[in-house]
Structures are given as structure tokens and as C-alpha cells.
1. Taking 1 over the mean of 1/r across every pair of different Cα atoms in the chain, what Kirkwood radius in Å do you get?
2. Round to the nearest 10 and give me the degree value, 0 to 90, for the angle of helix 298-309's Cα axis relative to the longest principal axis of the chain.
3. Sort the following peptides by mean Cβ neighbour count (other Cβ atoms within 10 Å, averaged over residues), highest first: 50-56, 15-21.
4. Among His207, Leu85, Gly219, whose Cα lies farthest out toward the positive end of the dipole of the chain, if unit charges sit on the beta carbon of Lys, Arg (+1) and Asp, Glu (-1)?
5. Return the long-range amide H neighbours of Gly244 (sequence gap of 5 or more, or a different chain), with a cut-off of under 5 Å between placed amide H atoms.
6. Given the chain, what count of lysine pairs have C-alpha atoms under 16 Å apart, with each pair 8 or more places apart or on different chains?
7. Express the carbon and sulfur contribution to the solvent-accessible surface of the chain as a percent, rounded to the nearest whole number, probe 1.4 angstrom.
8. How do 212-224, 35-47, 194-206 rank on mean C-beta neighbours within 10 Å, highest first?
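The values are calculated or read from the model by the stated rules, or taken from the named source; none is laboratory data. These numbers were taken from a predicted model, which means no experiment stands behind them. We place every Cβ from the backbone using ideal geometry, glycine too, and count neighbours over all the protein chains shown. These area figures cover heavy atoms from the full protein model, side chains too; ligands, DNA and RNA do not enter into them. Shrake-Rupley method; radii C 1.70, N 1.55, O 1.52, S 1.80 Å.
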Amino acid sequence: MGTLATIVLVHGIAQEQAAADTLETQWLPGLAGGVRNHGDNELADRLWRNGLPGDISTRMAYYGNKFLAKGAQGTAVGDLDDEQLALMEQLAEVWLANAAEHAGDQRDRATAQRLTAVPPPDARPQGVKAALRPALNALVRLRWFAPFGVGLAEKFVVRALSQVSRYFTDDEVREYAQQQVLTHIGPDTKLVIAHSLGSVVAYEALHRVDQEVTLLTMGSPLGLRTVIYDRLRPQPSTVPKSVGNWYNLVDRDDLVAAHLDLAPYFPPFPGSDVTPITEEPLDNGASPHDSTHYLTKAITGGIVSKALAG
């Protein structure tokens, strides 16, 4: 039995080397900072002050360890089957198209436009199967993914893509991730904050919950047609019945997220009028997908204050 919480946090991709505790110590100061930037100092102190959590119970739903399980290391393309590789390539194509249209770095935008049209013959990560995936190979050439060099970019891209792929193709991984969310939700839960792939996990898990909560998604790929949206459960997609309010935050340069208003994709649950509200694009600076940069924004703090006041 997990520990029930007022706020449930759900992390995103590439957190397999972390733990619930380490992620909580990263997210909580950012969460309190956003509330303080909004102007609610008292609530901020109740979330985090002087290096310690406050009296509002907050828990991280941690599932990243599942990607370190035997046979699912999440870093080697050669370990994946054809279905998983195909899904990785589809998602890579979407990210590359996002970069071609939305990349804030003009060099990345130009590179993505060129690579979308003609995949480069020299972009060949090691491994026969990897060399057959032009979109995946192209991504590692973008500065957005490779600020510290192509070698690290390849590891991040493959790890991120493979984790999304495994979530949708491995029912054991999918169920495990959702259970980490469900184990923290109880009668006093008011807010679920989910980042990146975590927004997919939280969305699906909340369809299994009766307790009304506010959902805050950040850097979410939920609106990516074919790759993500069409694979969601249950179908057809609606706002979960348990969600009383849904706020969606996206940075204008976040290539992982959908640059779309989510409302047309997620109509209200039958008998409800709740639709997702996608706020004006944020500016997260040089790290547009960073969870902490989403959390520290005043608009995030306002959403948190409203949710906890209800």
C-alpha cells in the first residue's frame, strides 16, 4: 500500500537512474518557487522551506526503475523488437517535424527541414537496426538534443524514444507505471502534476479513479496523433471522469510536446463540461523541456494555489 498524498507528481522520460526521493527533492523546491512567484508565500512555505518539505503531503509516482529491469535497459536499439523500433521511428519523425516547424534555434530549424527532406547518409549510429532509422539518426544532429555532443544526444534520444515505445507496447510496464500513480491517490488528493511521458501515465491512470482532482500537464505529448493519441486507453479519448480541471503548459520550443490546443482532442467526459485548457506558451529558456523550469513559473503557482484552495 502506497502513501496517499495531497499532490501526486509524475515524472517523464529518462529518469531510470533516479528514485522517488531524489525526484521529490528536485521537484518540490521548484513547485514551491512557482507558488512563491505567484505571490502565495504562505502556501509556498507549506510545500518546501529551508530544504525541507512542508505539511502538505506530496509524493512522486516513480516508475523509471521499470526501464532498468532485465531485458529493458532502455539504451540499446538492438534490444528492441521490430514493433518497438517502428514506434520509435514514428515518434522520431514527429519530433523532427516539430523541430522543422518550431525549433527556436534557427540552425536546428534549418537542419531539421533539410534532414526531413533528405536523411543524411553519414548519420549512422552503431548497430544495423539503428542505421535503418533515418528520423532517429537525424534527431541526434540537432543542437536541441545534442548541446554536449552527438554521442550524448544519441544515448538520450534512444533512451527517451525506447521508453515511450515500451510503455505502449509492454502491458507490464504500462500497468506498473499507472499503479505508481494510483497508489498515492486517495480521498485527500487534490492535484496531479505530470511531465512529459508522465502526462500519458497520469491521463490513463486517472480514468481508473473516482476521486475528483485537478490535472496539470507540462511538456505533454498527449496530442501527438498516431504515435501517442491513437494509442491511448480507453478509446475514444475524453477528459477522465475524475478530472475536475485540466491545465496544460507547453514551452514554445519544447520539441517533445505537442504544439496543439488539447481541447479538440479531449472532449468532456459524458455528463461533464471539463475540457483541457492550454495556457499561452511559456519560455523555459535554454532548457525548454525541463520539468523544474515548468514548475517555477508564476502561472504554475497560480494553478497549484487554485487547486489546493478548492
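1. Final number for the Kirkwood radius of the chain is 19.7 Å.
2. Compared with the principal axis, the helix lies near 40 degrees.
3. Taking the mean over residues of other Cβ atoms within 10 Å, the ranking is 15-21, 50-56.
4. So the residue we want is Leu85.
5. Excluding prolines and chain starts, which carry no amide H, the hits are Val213, Thr214, Leu215.
6. 4
7. Carbon plus sulfur share of accessible area: 50 percent.
8. In descending order of packing, they fall as 194-206, 212-224, 35-47.
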